[in-house]
Amino acid sequence: DNIIIKVLYYGSALSGASVSLDNPSIRTTNDTGEITYRLETSGTHTITASKQSYITVSRDIDIKAPYSDFRSLDINVTPNPVFTNEDFTVTSNITNLGTKEDTLPVELIINGSAVDNRSVTLRPGEKVEINFTSKEAVAANYTVEIMGQSTLLEVKEKPTNYYLIVAIATVIGIGIIYILTSKGLLSLELLKQKFNMLFKK
């Protein structure tokens, strides 16, 4: 970045002052007591201003290299709890707290293992919501994590669908009866007798 260095003497601009950065001279100040300088090296540096018949003064400045700093602001899992082998969605808002735009991978970590990742590009201060979809085959409690934010996911055993079982058994039974009656191995009259005997009981 370019910075403006201004040299003052009791509040008044001092022109013709020699300005140096870590000893090497940069240039002299203009009529407004200023110079413009482009910073290139990170770290702590000393700026010095001097002029004949004036006291030489110095001050330190910290220069930071541009950097990116991706953070997860939150994490949510829906639905929670979820049944085995059913999809669940993990949502997180990611922001860049650094000073430069960057593209970084964001990983979905379940029980310490990375199971998915997304490349996210963010400018400084920008925020974006990302979503992952996953599933688990074993009923248990899982720790779900994105960039340091974590939550607990409960996976339950999928319940048995008894209605479906009864429906399938009924369809199979009807199919068997149809085949037997069509081949003459079973008569409708015999079935009626069996039903009548059951109802009489």
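The values are calculated or read from the model by the stated rules, or taken from the named source; none is laboratory data. Being a predicted model, the structure only gives us computed values, none of them experimental. For neighbour counting, all protein chains shown are included, and Cβ atoms are generated from backbone atoms with ideal geometry for every residue, glycine included. For accessibility, only protein heavy atoms count, side chains too; no ligands or nucleic acids. Shrake-Rupley method; radii C 1.70, N 1.55, O 1.52, S 1.80 Å.
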key: Count - residues of region 114-152 that are of a type in the set (A, V, I, L, M, F, W, C), out of contact with any Leu (no Cβ under 6 Å at 6 or more places or on another chain), part of a strand (DSSP E or B) and open to solvent by 60 Å² or more (accessible area, probe 1.4 Å)   = 2
task = Return the residue satisfying two criteria in turn: it lies in region 8-33 and is among the hydrophobic types (A, V, I, L, M, F, W, C) and assigned to a loop (DSSP other than H, G, I, E, B), and of such residues it is most open to solvent (accessible area, probe 1.4 Å).
result = L14
ask   = Among the residues of region 69-89, is any over 19 Å from T121 (Cα atoms), among the charged types (D, E, K, R) and surrounded by 13 or more Cβ atoms within 10 Å (Cβ to Cβ)?
value = no
task = Could you check how many residues of region 34-55 are open to solvent by 70 Å² or more (accessible area, probe 1.4 Å) and assigned to a strand (DSSP E or B)?
result = 3
L108 being open to solvent by less than 80 Å² (accessible area, probe 1.4 Å) and over 27 Å from A65 (Cα atoms) = yes
inquiry  = What's the number of the only condition in (1) open to solvent by less than 80 Å² (accessible area, probe 1.4 Å); (2) farther than 15 Å from L8 by Cβ; (3) modelled with pLDDT under 95; (4) not aromatic (F, W, Y) that S58 fails to meet?
reply    = (2)
